[in-house]
């Protein structure tokens, strides 16, 4: 217990020693009217000063495009997301949204441009309506229902006692994992973000619910720039750009078709190994 306490105390003090984040810039750019074009301009980054894990990364993503980030476990797929939302700042180069450096926006306003759907869903103690309205408390009942319909969860909610006014517990044990995921998608639809970040892993969900979630995500991505942290490569065949990561670095980029044409390519090996696993399961 003492050893655990010392380790925890070290982390607490390291956190307290971190410089305070500047919340409001004097001449901050407004995010109003931005469309969601994203440019990575010679981006370099390392969690430690002496260890760069992303080297001279360049990519141009146009508004409405779908970008998949793939790679083995621990490859650093979430690093790109952390840089986009400025949980960390790039060491060199710049990330631009519609030509504006993301460092020119207030962090709070920048993050409002993003909507996130993660594999680990979160619902709090309250009504279903309150949970869906979490990201946009000004939304009307009609807007909540329309968001639920787009997320393919309206019919399920209507079958519940008290419908949208049903109170769910913090653990929400009375709702399946798939229905929770659909509700969090409805929540994001209601916030109407310009850029989406999706962790679309649905390995713990049955096939029928996965189909519903995929359809809901397709509705969510319409007209929005989307970054998908992909686990099943078969789900991102139609991505406009695939970034392949390994050991924290981008080793390949291109479309699904382009990457499969590379002999001994990293993506091709990943895809083939998953395809073989599927065949083994069928047998």
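FYI, it's all coordinate maths here, none of it is from the lab. Note that the structure is a prediction, hence the values are computed from the model and not measured. Reconstructed Cβ throughout: ideal geometry from the backbone, glycine too, with neighbour counts over all protein chains shown.
Counted by neighbouring Cβ atoms within 10 Å, the residues 29, 237 run from fewest to most as 237, 29. Distance between the modelled labels on residue 28 and residue 60, one decimal in nanometres: 3.0 nm (7 Å Cα→Cβ projection). Beta bridges assigned by DSSP with both partners in the chain are antiparallel in approximately 55 percent of cases. Averaging the Cα positions of each part gives two centres, and for the range 72-111 and the range 130-164 these lie 31 Å apart.
Residues 140, 163, arranged from fewest to most other Cβ atoms within 10 angstrom of their Cβ, appear as 140, 163. The length gained by stretching the chain between residue 268 and residue 192 to full extension, at 0.36 nm per residue less their Cα-Cα distance, is 23.8 nm.
Rounded to the nearest 500, the 222 nm mean residue ellipticity of the chain from helices alone is -10500 deg cm²/dmol, with -39,500 (n - 2.57) taken per DSSP H run of at least 4 residues. Using every pair of separate Cα atoms, the Kirkwood estimate puts the hydrodynamic radius of the chain at 20.8 angstrom.
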